[in-house]
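Have a look at the structure below, then the notes.
The numbers here are math on the coordinates, done by the rules we state, and not lab data. Everything quoted here is computed from the prediction, not taken from an experiment. Cβ placement follows ideal geometry from the backbone for every residue including glycine, while neighbour counts extend to all protein chains displayed.
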Amino acid sequence: MELTQGDNSSKKENKYEAKQEERKRTAAALQKKKTLKRVSFWTFVILLLGGGVYGIIKLGDASPSSQAAFLVAPVSSQDLVMGSSTSRVVLIEYSDFQCPACGAYYPLVKQITSEYQGRIQFVYRNFPLPQHKNAKLAIAAAYAADKQGRFWEMHDALFEHQPSWAESNNAEALFITYAGDLHLNVTQFTSDLHSPEIQQRVDSDYEQAVKAGINSTPSFFLDGARIQPQNYDAFKSAIDKELAAHA
Amino acid sequence: MMHSSQLSTKSWQLTRNVLLTIGLVLSLIGFFDATYLTVTHYAGTELNCPLFGGCETVTTSIYSMVGGIPVALWGAGYYLTVLVLLLAYWDSRYEVLWRIATRMTMLGFLAALWFVFLQLFVIHAVCFYCMISAGTSTLLFVWGVWAWYERIAWRNVC
């Protein structure tokens, strides 16, 4: 009698345990499925976001500025050159007087040209970007000053006053004021500003820059190789390296 | 009673899924837009600048950096945070994630107001991609208010 009772209870226990086991197994399978779902969800999210960001980086890089070969023309008599003409280290800048980034680089370049005076040749070339409404007129002003032998002074004035004239509807009047400040012959300056000779020079600058493959400003070339210094020290170390190579 | 409660829970789920989708789409657009601005900032490439033409002026102005970090990168971080919070909510259904995401949109909206003000009245130039971001931030804020309103409305019913 007792035995039968014990048999019964152990049978019950076994059944209960089996049920428990079954339940545990189902729960584990469910948990596994959930985890798998979760992992695939986040993998998909990471792939999607990563792919998107990678695509954008590729898109940003696709502009010729970082991949195309530049055909930077050698220094000619047409160029505006500062510094030693005998130096073999040549720094060429393609710039736009109205471009804010060029304005930001202006003090750096000025510091470089004064520090390396006599040791490097600095060439300033114009690339007036079409979206800058006063860029071409600014170049004309610099060339009009050049006719009176004061290109670099006007170059400095244009960069120093860039925020005042950049979006102005009366930039010409401002340029004439700068000419007056530089003690130029203002009548001559004003008439030169619109002379066909200067207009042609400005247009030719643009065409030359496009032909060279330039598509952004400022673009710096050190002995023909593009450099993109982010600060003064980077600029300096690039030039020092080049000077050492020529020593 | 049971029936109506089930019904409202179901309706809230539907509304929440609609809200979730909209929030995800908006933050994804904002994230890719801000990422594009960040990439061009660090690559130094020129922006392809439609409509207003003021991208360069805006993205190189002194207001384009906050704490030494470009505003675009802050923006990308903001959108990515909202996006990840919403995705994590979708995955886990932790209410707190949803609450943080919807409340965060207020920050984005305030930043958008400030940067639109700067473009129009201080820098006097408008950058297309920055305006897209201002648009997504504003819509996300509207979305956040809507989400908050819906949550309260459904909570009262349930």
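Descriptive notes on the structure:
- Think of each Lys and Arg Cβ as +1 and each Asp and Glu Cβ as -1; about the Cα centre, that makes the dipole of region B:2-157 roughly 660 debye.
- Across the alpha-carbon set of region A:1-62, the Rg to Rh ratio works out to 1.64, Rh being the Kirkwood radius.
- Here the ratio of the Cα radius of gyration of chain B to 2.2 N^0.38 Å is 1.21.
- Most fluctuating residue given options A:188, A:117, A:230, as computed from a GNM of chain A linking Cα atoms under 10 Å: A:230
- Rounded to whole Å, the principal axis extents of the Cα atoms in region A:175-247 read 47, 31, 24, largest first.
- Spread of Cα-to-Cα distances over 10 Å intervals beginning at zero, given as percent, for chain A: 6, 23, 24, 13, 6, 5, 5, 5, 4, 4, 3, 2, 0, 0
- Karplus 3J(HN,Hα) series, Hz, for region B:119-128 with 6.51 cos²θ - 1.76 cosθ + 1.60 (x for Gly, Pro): 5, 6, 10, 10, 7, 6, 8, 10, 10, 3
- Put in order of Cβ neighbour count within 10 Å, fewest first, the listed residues A:146, A:79 become A:79, A:146.
- Between the Cα long axis of helix B:95-117 and the first principal axis of chain B there is an angle of about 30°, rounded to the nearest 10.
- Amide H within-cut-off set for residue A:80, under 5 Å, with H built and near neighbours excluded: A:124
- Which of B:43, B:136, B:65, positive extreme of dipole for chain B (C-beta unit charges): B:136
- Label-point separation, residue A:182 to residue B:120 (7 Å along Cα→Cβ), nm: 3.9 nm
- Taking B:84, B:66, B:145 as the candidate residues, the one with maximal mean-square fluctuation in a Gaussian network model of chain B, Cα springs under 10 Å, is B:66.
- For residue B:65, distant residues with modelled amide H under 5 Å away: B:71
- Helical segments meeting 20 Å axial Cα length and Kyte-Doolittle 1.6 threshold in chain A (DSSP H): none
- Taking a straight line from the alpha carbon of residue A:241, these lysines sit under 20 Å away, with near neighbours fewer than eight places off in the same chain left out: A:110.
- Fewest-first sequence of A:91, B:20 by Cβ atoms within 10 Å of each Cβ: B:20, A:91
- Along the axis of the charge dipole computed for region A:37-177 (Cβ charges of +1 for Lys and Arg, -1 for Asp and Glu, origin at the Cα centre), the listed residues A:84, A:151, A:72 are led at the positive end by A:72.
- For A:53-59, mean number of other protein chain Cβ atoms within 10 Å: 5
- Taking only alpha carbon atoms, region A:124-247 gives an Rg to Rh ratio of 1.03, where Rh is the Kirkwood radius.
- Considering helices alone, the calculated mean residue ellipticity of chain B at 222 nm is -27500 deg cm²/dmol, with DSSP H runs of length four and up weighted by -39500 (n - 2.57) and normalised per residue.
- Using all pairs of distinct alpha-carbon atoms, the Kirkwood hydrodynamic radius of region A:121-190 works out to 12.2 angstrom.
- 10 Å Cβ neighbours from other chains, averaged over peptide B:54-66: 3
- Largest GNM mean-square fluctuation among A:31, A:162, A:208, using chain A with Cα springs under 10 Å: A:31.
- Ranking of A:147, A:58 by neighbouring Cβ atoms within 10 Å, starting from the fewest: A:58, A:147.
- Among the chymotrypsin sites (Phe, Trp or Tyr not before Pro) in region A:135-186, none is located in a DSSP loop while being surrounded by at most 14 other Cβ atoms within 10 Å of its own Cβ.
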